[in-house]
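The values are calculated or read from the model by the stated rules, or taken from the named source; none is laboratory data. Fair warning: this is a prediction, and the values are worked out from it, not measured in the lab. In this analysis, Cβ positions are derived from the backbone assuming ideal geometry, glycine residues included, and neighbour counts consider all displayed protein chains. What goes into the accessible areas is simple: the full protein's heavy atoms, side chains included, and nothing from ligands, DNA or RNA. Shrake-Rupley method; radii C 1.70, N 1.55, O 1.52, S 1.80 Å.
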Amino acid sequence: VALSPVSKNSSTFVDLTPSTTYTLCGYYLNSTNTTNVSLGCQTFTTPNDPTWLQYEAVFNYSSPLNASQRNSLLCYITTTVGANNDYILNGAGESCNSTTGATAPEDLWYNFTGSTNSENNDTIYLIVVDNSSSSQTFVQNFMALFNSTNALTPTNLAYINNSVSGVLLSGVYNGTQTYVQVSTGNTTATVQSSIYNQTGNFINITSVSLTYPGSIIFGVGYVNSTVPSQEQLLNC
Amino acid sequence: LTPSVTGTDAALYAGTIPTITLTVINVSNTATIPSALSVPKGGCSTASNVILTKLPTSDLSISLSSSVLQANNIYTNLTSNQITYGATGNMSQSFLVCSNASAVTGTSVVIPLTVSGTNLSDYKLSTYSLTVTVGSAPTPSVIVSLPTNYSAGTGIFNVSSNVEGYYIYSLRQGNYTTDANNLTLY
């Protein structure tokens, strides 16, 4: 932010999530880049916002989707709903990569560079951050993917199946959750002991389970590595 | 008035006097202005007042020379560097004089003041120039005000400063007491 002693200076932050604590740290730097003063840090918590909602739908496949198929599914739903790419996500936090010729989804909310595992089911999320007319349109379009019994309509099932090589078995609308429910809901993650394959020099994790849709991020370090924080793992 | 020509060749020249129009005006009203101000480098003076003895019947403006201000990296918080009065309002108006960080410390600049407006003839200034001296840069005092409300995840943070420069920040989710992103200067 360029500072002037006579005018109002401001910075606008977007995509802040409700009921979330943030830390803002800053420096003053003079115009000639010769002096800097640390201004320290201050924390703040955004207020609760009941209009922030996560709409969920669970999709089942006859075999796990590859990256290209995950992208096709995400892009079909994103296009149909009309929302920005970053507001339609799958369980791994991936979004539609609408770049021509894209073969994998994009990580628009973090910079994790590892590979993403797929299972025979996945949850697709639509996130709306307010009750604006555009958000209401996105919700309306998302809900229109499903019929009165919450199942994908035959038309949408056929369209999506066409983009995922016919492996889609079903899609079911699964209700909504507020941000507080999403961020504080209890889930149990079970990870069996990993097996180090000395011949192939890889680590095999055979069974991972969650009692609630989500993802587990793994990182590998040396024996004496500092245990990484969630932030470090997501942005390594 | 009689022209006077002197010198060895005075006889070879004829002196003439141009037409001079003198206007006698009523200057019973005064605008009191400080004659000198001190401005910190990159910062602003304390607020100064221009005080009229009486409001104009129509309008009156007192201007600081924009060209002189600009040439010396000095500016004001006034629109067009002009203090404007109308028939109604406050007889005392405040203004700030500020300097850019590129202003030279120790420089004294004489800024001409001029009067204009419908009631130009009714006023005299206590001084027709303002001397601005650029002092050393102040200790930075930057205050960041957190937003009082958020709309769809958007919050506006206001940043006030007593001096020119930049506010470089990081925003992270979570509760931290220190900044992991150290600023390195070369």
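Once all protein chains are placed together, A:Ile205 keeps about 60 Å² accessible to a 1.4 angstrom probe.
Specify the residue with the greatest mean-square fluctuation among A:Leu169, A:Leu53, A:Leu126, computed from a Gaussian network of chain A linking alpha-carbon atoms under 10 Å apart. Result: A:Leu169 has the largest fluctuation of those listed. Surface calculation, 1.4 Å probe, protein heavy atoms: B:Val39 sits at approximately 0 Å² accessible. Buried surface for the A/B pair, taken as the accessible area of each chain alone minus that of the pair with a 1.4 Å probe, is close to 4100 Å² in total.
Looking at A:Tyr22, A:Asn111, B:Ser108, which one has the Cα that reaches farthest to the positive end of the dipole of the protein assembly as shown (charges on Cβ: Lys, Arg +1; Asp, Glu -1)? Towards the positive end, the residue furthest out is B:Ser108. Label separation (A:Val172 vs A:Thr226): 4.5 nm, computed from points 7 Å beyond Cα along the C-beta direction. Its DSSP H runs of at least 4 residues, each contributing -39,500 (n - 2.57), put the calculated 222 nm mean residue ellipticity of the protein assembly as shown at -3500 deg cm²/dmol, to the nearest 500. With a 1.4 Å probe rolled over the protein heavy atoms of all chains, the accessible area of A:Leu210, B:Leu22 falls in the order B:Leu22, A:Leu210, largest first. Rg ratio for the protein assembly as shown: its Cα radius of gyration over 2.2 N^0.38 Å, N being its residue count, equals 1.59. Taking the alpha-carbon distance from B:Lys54 and a cut-off under 13 Å, which aspartates and glutamates remain once sequence neighbours fewer than 8 residues away in the same chain are dropped? Straight-line reach from B:Lys54, under 13 Å: B:Asp122.
Residue by residue along A:44-51, Cβ atoms of other protein chains within 10 Å of the local Cβ number 3 on average.
Charges were assigned to the Cβ only: +1 to each Lys and Arg, -1 to each Asp and Glu. The resulting dipole of chain B about its Cα centre is roughly 240 debye. Taking all protein chains as shown and a probe of 1.4 angstrom, A:Leu152 keeps an accessible surface of around 20 Å².
Largest to smallest in accessible area, the residues B:Ile51, B:Ile74 fall in the order B:Ile51, B:Ile74 (1.4 Å probe, all protein chains included).
A dipole drawn for the protein assembly as shown from +1 and -1 charges on Cβ atoms has a positive end, and of A:Leu74, B:Thr32, A:Ala57 the residue lying farthest that way is B:Thr32. Spread over its residues, the convex hull of the C-alpha atoms of the range A:1-83 is 228 Å³ per residue. For the range B:43-186, taking Cα atoms only, Rg and Dmax work out to 20.8, 65 Å respectively.
Only protein atoms count toward the accessible area here, which uses a 1.4 Å probe; on the protein assembly as shown, the carbon and sulfur part of that area reaches 51 percent. Relative to the longest principal axis of the Cα atoms of chain A, helix A:154-163 runs at roughly 70 degrees. Counting 0.36 nm for each residue step from B:Ile17 to B:Thr79 and taking away their Cα separation leaves a gain of 18.2 nm. Highest GNM mean-square fluctuation, chain B, Cα pairs closer than 10 Å: which of B:Thr16, B:Thr57, B:Thr32? Maximum among the listed residues: B:Thr16. Distance from the alpha carbon centroid of the range A:173-215 to that of the range A:67-96 works out to 21 angstrom. Surface listing: A:Trp52, A:Trp109 arranged by accessible area from highest to lowest gives A:Trp109, A:Trp52, probe 1.4 Å.
You can think of it this way: the chain between A:Asn48 and A:Thr100 has 14.9 nm of extra reach, that is 0.36 nm per residue less the Cα-Cα gap. Excluding ligands, DNA and RNA, the accessible surface per residue across the protein assembly as shown is 56 Å² with a 1.4 Å probe.
Comparing A:Asp86, A:Asp130, A:Asp15 in a Gaussian network model of chain A where C-alpha atoms under 10 Å apart are linked, the largest mean-square fluctuation is found at A:Asp15.
Here the label points at A:Asn162 and B:Met91, each 7 Å from Cα along the C-beta direction, are separated by 8.3 nm in the simple model. For the pair B:Thr57 and A:Val58, label points projected 7 Å from Cα toward Cβ lie 8.7 nm apart.
The mean of 1/r over all pairs of different alpha-carbon atoms in chain A, once inverted, gives a Kirkwood hydrodynamic radius of 20.7 Å.
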